Structure formats: C-alpha cells, structure tokens
C-alpha cells in the first residue's frame, strides 16, 4: 500500500465513476482499478459496492476519512523537507485544463526538470463538471484557470488574457451568409458582435447544470438566445466539438482552447475553422488567466520558481 494508492482512492471517491476519474487524471480505468484492488487486498475489505455504478461501503467511508488525513500529513512533510534543500525530492500538484497543459505546460515542465530533477510534477484535469479541489485542503498546490476565485489563504498572479470566441466552420458560415461571407470574416477576425450573425445559425452549448438548459454566456450575451440552441451534457463535450468541426453548428470556446486545437493537429477535411473573438459594448470578452496558490505559509523555493517559470511561459506565448 502506498500514498499513491490512497491519493487515487480519494480521487475516485470524488466522481464514483472510473471513466470520469480516468479522464480527469489523464490515466486509464485499468490503472484506477489496480489501485482499488491493492488497497482492498492490503486491508482485506471491500471498499466499493460496484452494482449499479460505484458506491462506498462502510469500510470505504472509514478509509476515506483516514486517507485524507494521511495525505494531508504527507503533503505537509513534503513541503517541509523540500524547503530544506532545493535538490531534495518533492511533489508539486497542479490543476489545469488539457488545453493549458498542451499549449503551455510542456515548456514549464522542461525548465522545472532542468532546475529540479528530483521534483515530481503531476497534473489534474480542470474540467467543468468536476471543478478544482480547494488549494487550502492541501490536495493540490496550484490551480491555473480563469474561473477560480481567490479566498482566505489564497493568492494569485496574472498570466495572460483569455478571450471568449465563437468557433465556426467556413462551410457553415457560407451556408448562412452566402453573399457576404468574405467581408464578414475579415471584420469578425478583429472582434465579433453577435448581433451581426444570422439568427438561424445553430449553436451548441454545454449545460450549466444537469438537465438545465442554461449557459453562462446566455447571461452575459442575451442576444445569443435568439439562435437555434442545442444543449448537451458536460460528459458529451467531444460531441459539441465534433458538431463544430463537421460544419453542423457553431460553439463558444476560449482563445486558449483554439490554440490547443491547432496544436493538436485537428482535421477539418479541407474545411476552415474560424475563431472570432466576441465583443460586448465594443470591448473584447477577455477573462484573465491566473495561477492560484496558498498564501498562508511561505512557499518553498521550487514552488516559487514554478510560479515564475509559468508566468514567463504564458507571457511569451
């Protein structure tokens, strides 16, 4: 039994769905099952009832309470010991979205590995349905996001502006704007007021809550309510993107996510995908991307350097 077994167990209890947890932790369901089996063998009890779905047994509930204490203690020791010497081993845990990981964090990892070869860095996927665990709990060290609030004991530093954009395929745009497409594109690339869009264009939204046909953008831009709206659940986010890439619907994405798509080498079968920055009252819908961290105790040197390196990478993009 290891701390990693316990940490993985705690993460599984957050979702009670191996598929969801595997995607969030960038791992496989088989790997997660292996952690559960090792813990059940070590303690000689069942931790989950598996039909239907996953549900903690009374033994699983007991282990969860104690595992959180053990992990918190282990994190405190890592922080204390890694501050003694820069060369000592440590573990930095970062919550960020897949797009941030692909576009920026590879360069951060490379520089951190050069400076601190014994520091382990792991990532947890920041996805809308799960959100980020509280930094003050000790479960994570940093959150990189444009939608995470400062609170007691938490500080943040600015990284970059992340603009909200409308992603739409060239074929869909020409279908609904056959006579003025090129001029529209030229103007929209500098900023798009949604009132300039034909109201018949279909748009796909991720539901704010399960079974609720709501989306934060509909509050911010009420004009979007006049479009043909398709709502899907968060677990079907790939479907939303697929409809956009197939030229069937427009979607709202961040400028950062568009960079992620380009870096991923997306295929459009000869079609073009436009990413128009949205405007409201003549101003771009920018949202500051920030790195959040604990401020109730001095940060060890590797943690301070992680922040500085991350700032440099984001500002140079």
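Couple of notes before you dig in:
- Answer from 296, 281, 305 - the residue that is crowded, with 17+ Cβ neighbours inside 10 Å and out of contact with any strand residue (DSSP E or B) (no Cβ under 8 Å at 6 or more places or on another chain): 305
- Exactly one residue out of 77, 56, 16 is touching a strand residue (DSSP E or B) at 6+ places or on another chain (Cβ under 8 Å) and loosely packed, with under 15 Cβ neighbours inside 10 Å: that is 16.
- The condition of being on the phi > 0 side of the Ramachandran plot and modelled with pLDDT under 80 does not hold for residue 81.
- Residue within segment 237-246 that is surrounded by 13 or more Cβ atoms within 10 Å (Cβ to Cβ), under 21 Å from the mean Cα position of the chain (by Cα), modelled with pLDDT of 85 or more and over 22 Å from residue 173 (Cβ atoms) present: no
- Residue within segment 203-225 that is in the same structural domain as residue 275 (by TED's automatic domain parsing), more than 30 Å from residue 18 (Cβ to Cβ), at pLDDT 80 or above and surrounded by 13 or more Cβ atoms within 10 Å (Cβ to Cβ) present: yes
The values are calculated or read from the model by the stated rules, or taken from the named source; none is laboratory data. Values in this document were obtained by computation on a predicted structure and should not be read as measured data. A quick note on method: Cβ atoms are made from the backbone with ideal geometry, for glycine too, and the neighbour counts reach across all protein chains shown.
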